[in-house]
1. Would you pick out the residues in the stretch 119-140 that are out of contact with any helix residue (DSSP H, G or I) (no Cβ under 9 Å at 6 or more places or on another chain), in a strand (DSSP E or B) and hydrophobic (A, V, I, L, M, F, W, C)?
2. List every residue pair whose Cβ atoms lie under 8 Å apart, where the two residues are 6 or more positions apart in sequence or sit on different chains, the first residue falls within the stretch 40-69 and is on the phi > 0 side of the Ramachandran plot, and the second residue, located anywhere, is acidic (Asp, Glu) and at pLDDT 95 or above.
3. Please count how many residues of the stretch 76-112 are of a type in the set (Asp, Glu) and farther than 22 Å from Thr171 by Cα.
4. State yes or no: is Thr152 within 26 Å of Ala232 (Cβ to Cβ) and not in a loop (DSSP other than H, G, I, E, B)?
5. Can you tell me how many residues within the stretch 96-137 are among the acidic types (Asp, Glu) and crowded, with 22+ Cβ neighbours inside 10 Å?
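The values are calculated or read from the model by the stated rules, or taken from the named source; none is laboratory data. Source: prediction; values computed, not measured. In this analysis, Cβ positions are derived from the backbone assuming ideal geometry, glycine residues included, and neighbour counts consider all displayed protein chains.
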Amino acid sequence: MKTVRPPESRPGGVPRIEGGRLTLALALVAVIGGRALAEGDGPGTIVLFDGKSLAGWERTDFANAGEVKVEEGRIVMAEGRPMTGITTTRKDLPRTDYELSYEAMRLEGSDFFAAATFRVGDSYLTLVNGGWGGNVTGLSSLDGMDASENETGQFVKYENRKWYRFRIRVTADVIRCEVDGKPVVTLEHRDHKLGTRIETRANQPLGFANYDCSSAIRDIAIRPLTPSEVEATNKSLK
């Protein structure tokens, strides 16, 4: 994905922008990746999907994967046999003290529709949303156990053709995941062995996958947490 930098930081010196033109220029700079920065995005937010192309992404190399395309401002992943996915091509994403946010929808089918694989320091995990026939949301894997077997597994009911908002916060101590603003996972991860299932390792360092279904994803962004957010996330276990 092409980084959008303020005019003053571009090669060639400071542009001659005055008055209302400066306001307009700054407003344009704030539109990163095809959508305006939303309230709460905060400084340093990287919008990972521009709403128009797969810039910064590639189709994940799953066997018998379905088609991936951009349609109506969303990434649409057709049903694979059994999986379809996308993986970032960026090399500048954070390892800890960050928040990943995205919206996802299952179009047809009944299993996970936007399982997010993400970095936790030098390790990786996958937030499975609606796996095992649509019944389980949780982290895979902890100490070699899937979300259906470990302490993070929760029942969350998802309806087809309905958007859901996901947020994943990662600190050096805690992983906190929300669906539509409601916490579903809060885990102190230091004493666990973290790792993805072999099926989703192709999504590392950051990617999404569906299983036996078709799905759509939009509004993908990642941002650094502020010190107060890190503290609040770490205290959320108490």
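1. In the first step, residues of the stretch 119-140 are kept if they are out of contact with any helix residue (DSSP H, G or I) (no Cβ under 9 Å at 6 or more places or on another chain); the result is 119-123, 125, 127, 129-136, 139.
With the extra rule that they be in a strand (DSSP E or B), the set shrinks to 119-120, 123, 125, 127, 129-130, 136, 139.
Answer for the stretch 119-140, where residues must be out of contact with any helix residue (DSSP H, G or I) (no Cβ under 9 Å at 6 or more places or on another chain), in a strand (DSSP E or B) and hydrophobic (A, V, I, L, M, F, W, C): Val120, Leu125, Leu127, Val136, Leu139.
2. Hits for this filter: Gly56/Asp50.
3. Going through the stretch 76-112 one residue at a time, the tally reaches 3.
4. In short, no.
5. 2
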